[in-house]
Amino acid sequence: MDLVFKAGRVITSEGEVPRSVGVRDGRIVAVEPLDAGMTAERVIELGEDVVLIPGLVDTHVHINDPGRAEWEGFETATRAAAAGGVTTVVDMPLNSLPPTVDVAALEVKRKTAAGKVHVDVGFWGGAIPGNRGDLRPLHDAGVFGFKCFLLHSGVDEFPPLDSAELAEDLRELESFGAMMIVHAEDSEEIEHAPHAHGVRYDDFLHSRPRGAENVAIARVIDLARETGARVHILHLSSSDALGMVADARREGVALSVETCPHYLSFTAEEIGDGATQFKCCPPIRESENRELLWRGLADGVIDQVVSDHSPCTPELKRFDSGDFGDAWGGIASLQLGLPAIWTQARQRGFTVADVVRWMAERPAAQVGMRRKGHIAVGYDADFCVFAPDESFLVDKEKLRHRNPVSAYHGRRLDGVVRSTWLRGKEITGEQPFGELLTRGNC
C-alpha cells in the first residue's frame, strides 16, 4: 500500500472506532483493526487527540468564477475548502458570468477551473425561464442537478421561475431522473413585507418573513407530489416548515432538505446595528427558531448541513453605511463550517460521527457520489485529521477566502483541522491537484 493511517479514533459506519486505514492508488483498500499489522510506503500514526474523518462534501458553494472572480475564485475557494476539511464541493450556477444555464457556459466554467482546484469540484446547472431545452443536455454533460429561484436571485442574469414554469421544468427533470434544488422564498410574500432598509437587523428580518419560506416550500412540495420529481430545499431557515416536510416524506414525496452553519450558530437577537456581515437570504432568525432547527436535524427531518458559501468584496457588504437593504446577502464560511457546527453540536450532546453524517455522508448521497463521504473500502482516500478538543479564535485576515469578510470573526470555535487529504495525498495549498467531477463518475 502507498499509505496507512493508524488511529485510535476513526469515524466509520460503525461509529468512532480504532482502525488502520490502508490506501493504494488514491482509494481506500483496507479498513482493519488497529493492531492488524498493516504496512505501507508511508505509515502515519495519529494521537488520541485527533479523529480521522472522511473529507467533507459541501454541495452548496458559490465560487463566482469566471465573471465575478474578485468575489471569489476557484483557487482561493478550494484552498479555503481544504483548510476546513472539505475535499469535495459542488459549485452553484450563479453568480458567475455566464451562469451555468447551458452546455457552453458549463464548458467555460470547466475551462476556468481546470488546473486551479485544490479539492474535487462538481457543478450544478441552472433552471431559468426559457432554458428548458438546455436541461437534458446539461444533465448529459454531467451536472449534478439544477437550481432555481422562486424570487429575484440577486443577479439579473439568473431570473426566477414562476409556478407554471417550475411545474413544467419538474416534469422535464422527472423524465430523465434529475433533481431540482430550490431557493424557496415566495416573491409575493416578500413584496408585501416591509422593505429592507437601514441599520437595524430587526427591520431586515421582517423584510424576509418565515411565511415567505413556508408558502414557497408548500408549493414546491405540492408540485413534487404532482410531478414525481426529486426536489431539494436549499438553506432552510424557517423551523415552521419542518412539520410539512416530515408529512411530505411520510407521503412518499421525493424531498430532501439542507440547512447551513449560520442558521445553527447565530441568532437574530445577537446581531447588532449595521452588522451586515450577518446578512443572508433567507435570514438568520431567532434563538427559539435555531433550537428547533437543531431538533429537526436530530430527528432527521433536515438531512444535511452545507455552507452556502456566498462571498463578495468588502465594499458590497456596505460596511460604510451598515444598511441591510443595500448590502449583498451572503455569508462566506467554506473554511469554517466544520468547527462552527462542531462547536454548537457538542454543546447539545452530539458526536463527531453525527457531524460527519450531516456534512459528508448525506451530502455525498444526495448528489449520487458513490466514492465520497465514507471511510470504507472502495471509497476515495479523502480524509480530514480533526482535533475536536482544540479551539481557535477566528481572524478574518487569516482565512483562505479571497476577501476578509466573516460573520465568525472574533469568535472562538472548537475543532481544528490539522490536515486534509485528497485521494491519499495531503493538500498543502501549494500545487493544486483536485479533479473536475461529473455526475455518475465519482
Legend entry - First in region 352-363 and part of a helix (DSSP H, G or I), second anywhere and charged (D, E, K, R), Cβ under 7 Å, 6 or more apart: Val352/Glu16; Ala353/Glu16; Arg362/Asp303; Pro363/Asp58
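Output the residues belonging to region 217-245 that are small (Gly, Ala, Ser), surrounded by fewer than 17 Cβ atoms within 10 Å (Cβ to Cβ) and either assigned to a helix (DSSP H, G or I) or not assigned by TED's automatic domain parsing to the domain that holds Phe350 (or both).
As a first pass, look at region 217-245 and keep what is small (Gly, Ala, Ser): 218, 224, 228-229, 237-239, 241, 243.
Within this subset, residues satisfying the condition of being surrounded by fewer than 17 Cβ atoms within 10 Å (Cβ to Cβ) are 218, 228, 243.
Answer for region 217-245, where residues must be small (Gly, Ala, Ser), surrounded by fewer than 17 Cβ atoms within 10 Å (Cβ to Cβ) and either assigned to a helix (DSSP H, G or I) or not assigned by TED's automatic domain parsing to the domain that holds Phe350 (or both): Ala218, Gly243.
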Legend entry - Residue check, Val89 surrounded by 22 or more Cβ atoms within 10 Å (Cβ to Cβ) and assigned to a loop (DSSP other than H, G, I, E, B): no
Inset, instruction - Could you give me the residue pairs with C-beta distances under 9 Å whose first residue belongs to region 287-307 and is not assigned by TED's automatic domain parsing to the domain that holds Ile233, whose second residue is assigned to a loop (DSSP other than H, G, I, E, B) wherever it lies, and which are 6+ apart or on separate chains? - result: none
Legend entry - Candidates Ile128, Ile190 - the one that is β-branched (Val, Ile, Thr), in contact with a Cys (Cβ under 9 Å, 6 or more places away or on another chain) and at pLDDT 95 or above: Ile128
Inset, instruction - Could you tell me which residue of region 398-442 is nearest to Arg346 (Cα to Cα), considering only residues that are hydroxyl-bearing (Ser, Thr, Tyr) and surrounded by 14 or more Cβ atoms within 10 Å (Cβ to Cβ)? - result: Tyr408
Legend entry - Leading residue by the ranking (farthest from Ala229 (Cα to Cα)) among those in region 154-178 that are under 21 Å from the mean Cα position of the chain (by Cα) and buried (at least 21 other Cβ atoms within 10 Å of the Cβ): Phe158
Inset, instruction - For region 328-351, enumerate the residues that are part of a helix (DSSP H, G or I), of a type outside the set (Gly, Ala, Ser) and within 19 Å of Ala83 (Cβ to Cβ). - result: Leu338, Pro339, Ile341, Trp342, Thr343
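Residue by residue, here is whether (1) over 22 Å from Pro160 (Cβ atoms); (2) part of a helix (DSSP H, G or I) holds:
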site	(1), (2)
Glu191	no, yes
His197	yes, no
Asp202	yes, yes
Val215	no, yes
Glu258	no, no
Leu264	yes, yes
Ile284	yes, no
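The values are calculated or read from the model by the stated rules, or taken from the named source; none is laboratory data. In this text, all values refer to a predicted model and were calculated from it rather than measured experimentally. Using ideal geometry, Cβ is built from the backbone for each residue, glycine included, and neighbour counts are taken over all protein chains shown.
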